[in-house]
Amino acid sequence: MQTASFRKTLLSVMMGTLAICQTAMSTPSTGSALAKEDTPQTPAARPGAPWWKEAVVYQIYPRSFNDTNGDGIGDLNGITAKLDYLKTLGVDTIWLSPHFDSPNADNGYDIRDYRKVMSEFGNMDDFDRMLAEMKRRGMRLIIDLVVNHSSDEHRWFVESRQSKDNPYRDYYIWRDGRDGGAPNNYPSFFGGSAWKKDEATGQYYLHYFARKQPDLNWENPKVRAEVYDIMRFWLDKGVSGFRMDVIPFISKPDGLPDLPAENLAHPEFVYANGPRVHQYLQEMNREVLSRYDAMTVGEAFGISFEQAPLFTDARRRELDMIFHFDLVRLDRDGWRKKDWTLPELKAAYAQIDRTGGSHGWNTSFLTNHDNPRSVSHFGDDSPEWRAVSAKALATMMLTQRATPFLYQGDELGMTNYPFHGIEDYDDVEVKGQWHDFVESGKVSAEEYLSHLRQTSRDNARTPMQWSAAPNAGFTTGTPWLAVNPNYAQINATAQVDDAGSVYHHHRRLMEVRSQIPALIHGEFRDLDPANPKVFAYTRTLDDKRYLVLINFTRETVAYDLPEGLKIAATLLDNGAAQPPLQPGAASVSLQPWQATIYQL
Ligand code: NOJ
Ligand code: CA
């Protein structure tokens, strides 16, 4: 790891006035019926703003976070054991990827029982204890709502497939085949057709994802009522909201006609545009969400910038925020990697900001469990530039007008894994694509693997690197997925002890963000959208104005400040070796990967 020299960051004036706001501790609870009033209250940066606009969310992929019983799989007790680490980092909300009972065809995104904890992760007592410990620290928990589909082992599907007149038949989407094949030409995201013939009745069921993930039939009011009950069950336990898996896909196109040829490679644009998605979300809001102080964030795969406000305009009463994928998928076509440019990335940020408008709100994220590591993707993961570029990306991510979603390990600048062969991958998606593209002879193994190395979801799923101990301190057993061999250099223990680390830069950014309302709520303006090297933007609220400059290159770059713009002080920089700034200077000499927040 590069040891970047940490320079004084906060101005002394700020140090004096900006005491860290300690989050109020809630009353410890047994975890069984945590009512709305028990939810911790974080002091608002802007009075009246909902808590979730000012939250910083940290995503935990439990399987890879921390294993406490040596079975090689992370568990809920492992999360509880690391809450102080997260609290010190400064996150106040945790998004837990699915923790429900599952046969793990897609690592928990295939749920067998929505009211039971996955046995590998622990049990309900462990969950209740984890939640109570979060609340005790003033933290909130949001969980994953995966209700476009269930597992084929869910009792609803076990019943549904029995016979055409089973009471649960209509919980899923069954059709007769056409000309001896599938009912239509829908492809599955995980390879092959989205239909599977079931021998019991000779009909086909729909699965947008794996065969073990049959799609639920939202047309059936009983299905919707079941989902709302599940939501109430967890909200009544005290969770503070949901990340909603592929939520735009819940309404299927009327009549399920064939996809036009041009949509076959990207069916998400059709799957996300069913006729009743907004009706269902408004009903869900009326029936459940409006009765709790809960936040919602929809995974809006297939939704364009223009459509986004339909989900997030507060006046429509659907969701609070969505994840747009145009930014993290900027340089992707499925598993293929393409080049990207800084102006394209900036255009995505500007578009995202615009879609929030005055009645909506956005998310800011650079990766999650479905995408490569952010420093390997948008930064520079070579030993020389990894740490400073990871800090630059964090500066960008945490100074948007949006709720930031940080993914586990990104606070350390964890990198992509050095994959070699197909046998190194675990992901169900990779197996389907290998069959469709390589085994079918459409592309060579070398070509597929060279792209996959950069685009695979498994890059983000390798175990969390806690220390230089064997298996990065993640497990005393055999990890379910290989640990990145760079853990001796990149790990939490080393970074917590190093004030100049990527970890501490994240901590400082969150601290500054929580204390400067303009960095959360202020207007965003890109000063120089076409600049291929520097991202320069201002955040303005009332009479407070801040400038963020980020050099996306390995070179020193001179940035000329626009007419009339004067830097008053440096608020926070990322430790790129930098000469002192001359007061009133018209130009800033930005060091390689320098990222600085200035007060204007
Ligand atoms: C999106 C999830 O993030 C991904 O991990 C999963 O494979 C699919 N939805 C299916 O649930
Ligand atoms: Ca375990």
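For the subset of region 47-71 comprising residues that are of a type in the set (S, T, N, Q) and away from ligand 1 (no atom under 16 Å from the Cβ), which member is farthest from Ala472 (Cα to Cα)? Write out each step before concluding.
The initial filter retains those residues of region 47-71 that are of a type in the set (S, T, N, Q), namely 59, 64, 66, 68-69.
If we keep only those that are away from ligand 1 (no atom under 16 Å from the Cβ) too, we end up with 66, 68-69.
Working: Asn66: 10, Thr68: 13, Asn69: 15 Å.
Top of the filtered list is Asn69.
Kindly establish whether Leu141 is modelled with pLDDT of 95 or more and more than 13 Å from ligand 1 (Cβ to nearest atom). Steps first, please.
Working: modelled with pLDDT of 95 or more: yes; more than 13 Å from ligand 1 (Cβ to nearest atom): yes.
When the stated conditions are applied, Leu141 passes them.
Could you check how many residues of region 308-325 are within 20 Å of the chain's Cα centre (by Cα) and either surrounded by fewer than 18 Cβ atoms within 10 Å (Cβ to Cβ) or of a type in the set (A, V, I, L, M) (or both)? Spell out the reasoning first.
In the first step, residues of region 308-325 are kept if they are within 20 Å of the chain's Cα centre (by Cα); the result is 308-309, 311-312, 318-325.
Pick out the ones that are also either surrounded by fewer than 18 Cβ atoms within 10 Å (Cβ to Cβ) or of a type in the set (A, V, I, L, M) (or both) and you get 308, 319, 321-322.
The number of residues fulfilling the criteria is 4.
Check Asp293 against each of (1) crowded, with 21+ Cβ neighbours inside 10 Å; (2) in contact with a helix residue (DSSP H, G or I) (Cβ under 9 Å, 6 or more places away or on another chain) and name the one condition it does not meet.
(1) is the only condition that Asp293 fails.
So which residues in region 377-389 are open to solvent by 10 Å² or more (accessible area, probe 1.4 Å) and either of a type in the set (Gly, Ala, Ser) or at pLDDT below 95 (or both), if there are any at all?
Correct list: Gly379, Ser382.
If we keep just the residues of region 72-113 that are within 21 Å of the chain's Cα centre (by Cα) and part of a strand (DSSP E or B), which is farthest from ligand 1 (Cβ to nearest atom)?
Thr93
For Gly441, are the conditions met, namely being open to solvent by 20 Å² or more (accessible area, probe 1.4 Å), modelled with pLDDT under 95 and on the phi > 0 side of the Ramachandran plot? Outline the logic, then answer.
Numbers: open to solvent by 20 Å² or more (accessible area, probe 1.4 Å): yes; modelled with pLDDT under 95: no; on the phi > 0 side of the Ramachandran plot: yes.
The answer is no for Gly441.
Could we say that Phe190 is out of contact with any strand residue (DSSP E or B) (no Cβ under 9 Å at 6 or more places or on another chain) and within 22 Å of Asp427 (Cβ to Cβ) here? Talk me through it step by step, then tell me what you get.
On the way: out of contact with any strand residue (DSSP E or B) (no Cβ under 9 Å at 6 or more places or on another chain): yes; within 22 Å of Asp427 (Cβ to Cβ): yes.
So Phe190 fits the description; yes.
Residues in region 338-351: is at least one touching a Phe, Trp or Tyr at 6+ places or on another chain (Cβ under 6 Å) and among the β-branched types (Val, Ile, Thr)?
Scanning region 338-351 turns up no residue that is touching a Phe, Trp or Tyr at 6+ places or on another chain (Cβ under 6 Å) and among the β-branched types (Val, Ile, Thr).
Pull up region 213-271, narrow it to residues that are buried (at least 23 other Cβ atoms within 10 Å of the Cβ) and small (Gly, Ala, Ser), then point me to the one that is nearest to Leu281 (Cα to Cα).
Gly241
In region 90-111, how many residues are away from ligand 2 (no atom under 16 Å from the Cβ) and surrounded by fewer than 20 Cβ atoms within 10 Å (Cβ to Cβ)?
Of the residues in that region, 2 qualify.
Asp339 fails exactly one of the following numbered conditions: (1) under 30 Å from Val443 (Cα atoms); (2) in contact with a Lys or Arg (Cβ under 7 Å, 6 or more places away or on another chain). What is the number of that condition?
(2)
Would you mind stating whether Gly74 is open to solvent by 10 Å² or more (accessible area, probe 1.4 Å), within 9 Å of ligand 2 (Cβ to nearest atom), in contact (Cβ under 8 Å) with a residue 24 or more places away in the chain and not charged (D, E, K, R)? Before the answer, list the steps.
On the way: open to solvent by 10 Å² or more (accessible area, probe 1.4 Å): no; within 9 Å of ligand 2 (Cβ to nearest atom): yes; in contact (Cβ under 8 Å) with a residue 24 or more places away in the chain: yes; not charged (D, E, K, R): yes.
No; evaluated as a whole, the condition is false for this residue.
Scan (1) of a type outside the set (S, T, N, Q); (2) surrounded by 20 or more Cβ atoms within 10 Å (Cβ to Cβ); (3) outside any strand (DSSP E or B) for the single condition Ala347 breaks and write down its number.
Of everything listed in (1) of a type outside the set (S, T, N, Q); (2) surrounded by 20 or more Cβ atoms within 10 Å (Cβ to Cβ); (3) outside any strand (DSSP E or B), Ala347 misses just condition (2).
Do any strands (runs of 3 or more DSSP E) entirely within region 523-600 hold 3 or more residues that are within 18 Å of Leu509 (Cβ to Cβ), among the small types (Gly, Ala, Ser) and without any contact (Cβ under 8 Å) to a residue 24 or more places away in the chain, and if so, which? Spell out the reasoning first.
Details: elements: 523-526, 534-541, 544-551, 557-560, 569-573, 587-590, 595-599.
Output list is empty.
In this structure, is Thr80 within 15 Å of ligand 2 (Cβ to nearest atom), among the hydroxyl-bearing types (Ser, Thr, Tyr), under 20 Å from Asp128 (Cβ atoms) and at pLDDT 95 or above? Lay out the reasoning, then the answer.
Working: within 15 Å of ligand 2 (Cβ to nearest atom): yes; among the hydroxyl-bearing types (Ser, Thr, Tyr): yes; under 20 Å from Asp128 (Cβ atoms): yes; at pLDDT 95 or above: yes.
Taking the combined requirement at face value, the residue satisfies it.
Of the numbered conditions (1) aliphatic (A, V, I, L, M); (2) not assigned by the TED database to the domain that holds Ile79; (3) not in a helix (DSSP H, G or I), Leu449 satisfies every one except a single condition; which is it?
Among (1) aliphatic (A, V, I, L, M); (2) not assigned by the TED database to the domain that holds Ile79; (3) not in a helix (DSSP H, G or I), Leu449 violates only (3).
For region 52-71, how many residues meet the condition of being free of Cβ contacts under 8 Å to residues at least 60 places away in the same chain and open to solvent by less than 30 Å² (accessible area, probe 1.4 Å)?
Adding up the residues that qualify gives 1.
The values are calculated or read from the model by the stated rules, or taken from the named source; none is laboratory data. Bear in mind the structure is a predicted one, so any value in this text is a computation, not a measurement. All Cβ positions, even for glycine, are placed from backbone atoms using ideal geometry, and neighbour counts span all protein chains on display. The protein model used for the area step is the full one, side chains on, heavy atoms only, and it has no ligands, DNA or RNA in it. Shrake-Rupley method; radii C 1.70, N 1.55, O 1.52, S 1.80 Å.
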